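Scroll down for the structure; my scribbles are underneath it.
The values are calculated or read from the model by the stated rules, or taken from the named source; none is laboratory data. Quantities reported herein were computed from a predicted structural model and do not represent experimental measurements. So basically every Cβ, Gly included, is an ideal-geometry build from the backbone, and we count neighbours across all protein chains shown.
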Amino acid sequence: NANTDVAGHAEQMNYYFNFGNLRPGSSRKGTPEDYKVSKRMIKYLVNFAYYDDPTPPGSPMKWKQFNGQEFLRISNSRSDSMADESVVQKLLNVLNLWSYVVGWEL
């Protein structure tokens, strides 16, 4: 997303699948940082399936259970962490935008 540092709806799919495969004919290629993020996201998913915990003991950080206030922040420029209130507000702004565009009532 060009205007913010939070992801919009379904943007994570680029990281689970090869960037170019999602948009046939696209010249979009992932950067080395994108592929690092992709590996971490896939590892979280595999860990969740295998251990029932995306960040089992021994992981460099702990992805806390969702409580409605904190979100996992996955970053290509720094280590992953639980989001602070400012990031949560940015995510809510994205949600509000999509709610307006799609016509959802929150």
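Structural remarks
- Tally of residues being assigned to a loop (DSSP other than H, G, I, E, B), over 23 Å from Asn14 (Cα atoms) and of a type outside the set (A, V, I, L, M) across region 79-106: 4
- Failed item in (1) more than 17 Å from Tyr15 (Cβ to Cβ); (2) surrounded by 12 or more Cβ atoms within 10 Å (Cβ to Cβ); (3) among the polar types (S, T, N, Q), with Asn76 passing the rest: (1)
- Residue satisfying all of: in region 54-102; acidic (Asp, Glu) and at pLDDT below 80; nearest to Glu33 (Cα to Cα) among these: Asp84
- Condition met for Gly20 (over 30 Å from Tyr100 (Cβ atoms), modelled with pLDDT under 80 and in a helix (DSSP H, G or I)): yes
- Selection from region 79-94 of residues that are closer than 14 Å to Met41 by Cα and surrounded by 15 or more Cβ atoms within 10 Å (Cβ to Cβ): Asp80, Ser81
- Residue, surrounded by the most Cβ atoms within 10 Å (Cβ to Cβ), within region 44-73, restricted to residues that are assigned to a helix (DSSP H, G or I) and either among the hydroxyl-bearing types (Ser, Thr, Tyr) or within 13 Å of the chain's Cα centre (by Cα) (or both): Tyr44
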